[in-house]
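The values are calculated or read from the model by the stated rules, or taken from the named source; none is laboratory data. It should be emphasised that the depicted structure is a prediction, and the values quoted were computed from it without experimental measurement. Note: ideal-geometry Cβ built from the backbone for every residue, glycine included; neighbour counts use all protein chains shown. Heavy atoms of the whole protein, side chains included, go into the accessibility calculation; ligands, DNA and RNA do not. Shrake-Rupley method; radii C 1.70, N 1.55, O 1.52, S 1.80 Å.
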Amino acid sequence: MATHPWGFYGRQEELTQLRNILARDRWFFVQIAGRRRIGKTSLIQQALNQTGRQQRLYIQIPDSDPTGVLAACNDYLQTFGLEQRVSSLGGLAKLVAHLATQGYVIALDEFQYFNRKPLFGFCSLLQAEVDQLSANADRVRGGVIVLGSLHAEMAALLEDRVAPLFNRTTDRLMLDHLDIASLIELLSTHADTSPERLLFLWNLFEGVPKFYRDAYEQGVLDAERPALLRSLFFSSSSPLRGEADNWFLREFRGRYDMLLQYVARHPGCDNASIVAAIANLSPQEGKQAGGYLKVLTERYRMIERRLPIFAKPKARSGRYYICDNFLRSWLVALQRPVSAIHFSPESQLIEMADHQLAEAEGAALEELAGRLYEESSRKGVSDFPLSERVKGYWDRAGVEIDLVAISEMSKRIRFCTCKRNPQKLLPSLPGLKNNAMTFLQHHRAFADWSVEYCAIAPRISLETQEALLAAAVIPQPLTTLLSPLSQDYSTH
């Protein structure tokens, strides 16, 4: 395969929005939020280059005291060829304002660290400058972009009514993972779009562009699984070897390790099982498990509480999952083998990690299939226009359905079974249909709707597809679900 230079993938809507902000030629104060490595700085660079804005300053705020922050700022000022230096947080706020009046675009990354007590005073100092700039917005040609990776901390600084900077931003952008159509574009350029590779990489990286680029730069984006894992995680120079510890877990300083490990290894666990498991390991930690769960869910958004389709928001049937595929994969499959690299044969550790990643791909397939349904519907290229987000269904009686899809427009409801191993599809059909019957008995609103059954796997042989059709079940290999998005991309 020919080597193509790395490009800018997806984000066209956000890029247009940011480009329009920069083209206003007046004061702006923009908030951009999203998990680390999601592409916030790349988006800014792309927009600056496309609008020809050459006067720019980027500063990554360290998790430090004022002295450390000021030292870092002076290093960045030197790097960008600016003669000014700062000796106080007030001086930093004034310099930001001065540069904005000179037409500079100033990006302050990891802005959430200003929510730390030793640094919080900067927000009031910046507020005074921002208010002056806003009052003269038509005469100010530059602006400030603040980037943050911890949603709750950013919200506390910019959206809380008592915060100094409340209601000061002119625009907000929230960056999520790259959509699947963008991943298809990326893989079709640099690797292949086989369902096995897509599932493997999506389970590992989801839609974090930096991780795909790391694989590309290591020359392993199109390599076999063991070679990719060895290059990215197990070599002394592996770019992702310390990623989770450096950018996720260090925030917690060891406070939530046991809980994160348990949820990662038991996806879909409930509150009672989490508390019991933590209490079994440490009675004292068990008493705090509920509070820890609340912090990880609401403040850090690293754990997600999911409800079955149609459940009320306060239902007690919630199940917990690690939100981020990379963090889950690290905790489940990679952390222990990587830490043992100096004590065991590398090949055995890579095989262990690969096996555990493959085990996790079963649950990942359900999530990926649901995302494919939703993305195709949202873009108007689906044969099943959704009226509800695709979710699973379960109840206390033991009913389990992998995916339930609702189309109000066409009065259709689909019940889907998802299996990484396609040989398990046919044996799963009796359970699928029995559970669907129980579901329909509880939800009489669908009595006159068309009921459809689907079977989803990465690949499904023609023989198995014929057997599924004979059983009145629609076969949906990933290639079928991906096809509308591939065509949608090719028309742009």
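Values as computed for the structure displayed
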{"quantity": "Enumerated helices (runs of 4 or more DSSP H) restricted to segment 28-135, each holding at least 2 residues that are more than 23 Å from Y9 (Cβ to Cβ), free of Cβ contacts under 8 Å to residues at least 60 places away in the same chain and in contact with an Asp or Glu (Cβ under 7 Å, 6 or more places away or on another chain)", "calculated": "89-101"}
{"quantity": "Count of segment 327-346 residues which are touching a Lys or Arg at 6+ places or on another chain (Cβ under 9 Å) and open to solvent by 40 Å² or more (accessible area, probe 1.4 Å)", "calculated": "1"}
{"quantity": "Residue match in segment 306-326 (condition: over 21 Å from the mean Cα position of the chain (by Cα), open to solvent by less than 70 Å² (accessible area, probe 1.4 Å), closer than 21 Å to Y393 by Cβ and of a type in the set (S, T, N, Q))", "calculated": "yes"}
{"quantity": "Helices (runs of 4 or more DSSP H) wholly inside segment 173-238 that include at least 2 residues being charged (D, E, K, R)", "calculated": "195-205, 209-217"}
{"quantity": "Criterion violated by Y373 - all others in (1) assigned to a helix (DSSP H, G or I); (2) surrounded by fewer than 19 Cβ atoms within 10 Å (Cβ to Cβ) satisfied", "calculated": "(2)"}
{"quantity": "Test for E185: is it open to solvent by 10 Å² or more (accessible area, probe 1.4 Å), without any contact (Cβ under 8 Å) to a residue 60 or more places away in the chain, in contact with a Phe, Trp or Tyr (Cβ under 8 Å, 6 or more places away or on another chain) and at negative phi", "calculated": "no"}
{"quantity": "Options D160, D176, D171; residue that is open to solvent by 10 Å² or more (accessible area, probe 1.4 Å), touching a residue at least 40 places away in the same chain (Cβ under 8 Å) and out of contact with any helix residue (DSSP H, G or I) (no Cβ under 9 Å at 6 or more places or on another chain)", "calculated": "D176"}
{"quantity": "Spans of helices (runs of 4 or more DSSP H) in segment 239-320 with at least 2 residues in contact (Cβ under 8 Å) with a residue 40 or more places away in the chain", "calculated": "243-247, 257-265, 271-281"}
{"quantity": "Residue match in segment 355-363 (condition: within 18 Å of the chain's Cα centre (by Cα) and open to solvent by 50 Å² or more (accessible area, probe 1.4 Å))", "calculated": "yes"}
{"quantity": "Check on G380, closer than 22 Å to L307 by Cβ and open to solvent by 10 Å² or more (accessible area, probe 1.4 Å)", "calculated": "no"}
{"quantity": "Flag for A23 being among the small types (G, A, S), open to solvent by less than 30 Å² (accessible area, probe 1.4 Å) and in contact with a helix residue (DSSP H, G or I) (Cβ under 9 Å, 6 or more places away or on another chain)", "calculated": "no"}
